[in-house]
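Visitor: Have a look at the structure that comes next, please.
The values are calculated or read from the model by the stated rules, or taken from the named source; none is laboratory data. Quick caveat: nothing in here was measured; it's all calculated off a predicted structure. Here the Cβ positions follow ideal geometry from the backbone for every residue, glycine too, while neighbour counts run over all protein chains shown.
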């Protein structure tokens, strides 16, 4: 009994230590869209994401890696040589913090002024310094099995596939959140007996394709409006975890069977709990647009 108590105490201390790294952050932010094709709904979603990014920057700062090179040019004019130097500077930045949980999101004002959408938002959540031990995963959502580059524009009826690779073995889940705030589990597949998709280190995977896996689920994107936005979540960890509790979905307006699902709110609660426990969990969010 004493041995069990000691183990429990050690686990509790570990969880408290992880939780103590997390702090509340908030920001009021204004976004001005320079995209003439952006809808007000799309501008509002962009504003929310940029607000979170800005809040992380202000609270945790940025890591900046700079590369500077000088190119010299010389030319001859009228017997006189002249030389000029061009300096090129490339800076890559990454936010030191990571967003763990959203507590509140508000669209304060959306106006159209002089050809631009102006969106003012408020976001509040919990965040922490990112772990330097997170694996650098590589992925791309595509609609052609031969593509390599990530794609964010699709048409009604397009298929969607996922290319994925990781430097370490681990567990993978993928969710799609639609305009009705339903979170559909795309991976693991519906026939899976585990709550995650296991991937091996240094392997190139093509998911959602019968060509690579006879037990795969293939997905066709649909769109009832002229244009819709969906969010895709790629969740990976070298530590095993189990997908969120979901339920069997019905069929869409084309009478096609939909993947298992849960509410977006429940997915975010599950994600916050898992990120709190696991500092090595990697979460990536991609927004795609589907058009008629």
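Visitor: With a cut-off of at least 3 residues that are surrounded by 13 or more Cβ atoms within 10 Å (Cβ to Cβ) and at pLDDT 90 or above, name the strands (runs of 3 or more DSSP E) lying wholly within the range 92-192. Spell out the reasoning first.
Guide: Values: elements: 97-113, 116-129, 138-142, 153-155, 159-165, 170-177, 182-187.
Fully inside the range 92-192 and qualifying: 97-113, 116-129, 138-142, 159-165, 170-177, 182-187.
Visitor: All but one of (1) crowded, with 17+ Cβ neighbours inside 10 Å; (2) closer than 25 Å to residue 265 by Cα hold for residue 205; which doesn't?
Guide: (2)
Visitor: For residues that are part of a strand (DSSP E or B) and either free of Cβ contacts under 8 Å to residues at least 60 places away in the same chain or at positive phi (or both), tally how many sit in the range 196-230.
Guide: If we filter the range 196-230 for residues that are part of a strand (DSSP E or B), which is where we start, we get 197-199, 205-207, 219-220, 227-230.
Imposing the further condition that a residue be either free of Cβ contacts under 8 Å to residues at least 60 places away in the same chain or at positive phi (or both) reduces the set to 197-199, 205, 207.
Counting residues in the range 196-230 that are part of a strand (DSSP E or B) and either free of Cβ contacts under 8 Å to residues at least 60 places away in the same chain or at positive phi (or both) gives 5.
Visitor: Let me ask something else about it. Hey, residue 232 hits all of (1) out of contact with any helix residue (DSSP H, G or I) (no Cβ under 7 Å at 6 or more places or on another chain); (2) closer than 15 Å to residue 195 by Cβ but one; which does it fall short on?
Guide: Result: residue 232 fails condition (2) only.
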